[in-house]
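Reading through the structure tokens given below for one structure.
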Amino acid sequence: MLTRTFFALTCLALLWPAQADAQIYAWRDAAGNLVLSDRKHDAEAKTYAVPEAKAIRATRPVASRQVREQFEPLVQSYSAQVGLRPDLVRAVIQVESGFNPRARSPKGAMGLMQLMPATAQELGVRFPFDPEENIRGGTKYLRQLLDKYDGNEELALAAYNAGSGAVDRHGGQVPPFRETRDYVKKVGSVAQLEDAPAAPASATAPTEAPARPGKKVFYKTIEIVNGQPVLRFSTERPTSGQFEIVQQ
């Protein structure tokens, strides 16, 4: 196994454009996946010197549909309780932990939504590796950040990654940290965020108040599937039936 890892790293070094010498670290995460990084995030990581190679940044593998579906009822339920879009919550989980409920970061963040110990305690999460408790706490925390930054998802995600103190210290802007900016971009890409289109008012539909600047408008409906109610969120105004207006 070690020989194959070294061979893979050597090939990467030969194919990568020449720049500066780099130290590359290799280890296996909690799910058994091989991780390559330019930073030593694991105490047992093997270190390899790769001359004239760019640093390698690792990313979490995309979880299979089967793995994601295990947690879908929790994502739907707790997203609805705090008024979040499920696709945003799924994107945070994917980027944070790759849907691994036992994930733990070198800094101590835990579980699916990678809650730090102090944050978990503030949110009343006693068992952060329990998927339900973790998603309940993570969605509540994300909702708090969205409210703090008037629904601005970029700032909320930046605060989720770097802490609200970092956002505030940089004048209410996304901090100039490469990790944080990559994180915001990656979550946004996974969630496929889109601005809600304007829709005309309807005489039979609920009166819709104008969205505040920076807010996104979504429409929440309930669809009965196999006899069970399923929550749906959409940026397109329903043409019939009852719905609830949610602003982020």
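Data overview
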quantity: Residue within the range 102-123 that is in the same structural domain as residue 160 (by TED's automatic domain parsing), among the small types (Gly, Ala, Ser) and either part of a strand (DSSP E or B) or touching a residue at least 60 places away in the same chain (Cβ under 8 Å) (or both) present; calculated: yes
quantity: Residues of the range 94-109 that turn out to be of a type outside the set (Gly, Ala, Ser) and farther than 15 Å from residue 28 by Cβ, as a count; calculated: 6
quantity: Where a residue in the range 134-151 is in the same structural domain as residue 76 (by TED's automatic domain parsing) and part of a loop (DSSP other than H, G, I, E, B) and its partner, wherever it lies, is surrounded by 22 or more Cβ atoms within 10 Å (Cβ to Cβ) and aliphatic (A, V, I, L, M), with Cβ under 6 Å and at least six apart; calculated: 149/155; 149/156
quantity: Residue within the range 73-94 that is without any contact (Cβ under 8 Å) to a residue 40 or more places away in the chain, among the acidic types (Asp, Glu) and part of a helix (DSSP H, G or I) present; calculated: no
quantity: Looking only at the range 120-170, and only at residues there that are over 22 Å from residue 85 (Cα atoms) and of a type in the set (Lys, Arg), the one that is surrounded by the fewest Cβ atoms within 10 Å (Cβ to Cβ); calculated: 126
quantity: Odd one out for residue 117, checked against (1) surrounded by fewer than 18 Cβ atoms within 10 Å (Cβ to Cβ); (2) under 23 Å from residue 182 (Cβ atoms); calculated: (2)
quantity: Residue in the range 194-204 that is at pLDDT below 65 and within 20 Å of the chain's Cα centre (by Cα) present; calculated: yes
quantity: Residue match in the range 118-132 (condition: under 12 Å from the mean Cα position of the chain (by Cα) and at pLDDT 95 or above); calculated: no
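The values are calculated or read from the model by the stated rules, or taken from the named source; none is laboratory data. Just so it is clear, the model here is predicted, and its values are computed rather than measured. When we count neighbours, we look across all protein chains shown, and the Cβ atoms used for this are built from the backbone with ideal geometry, even at glycine.
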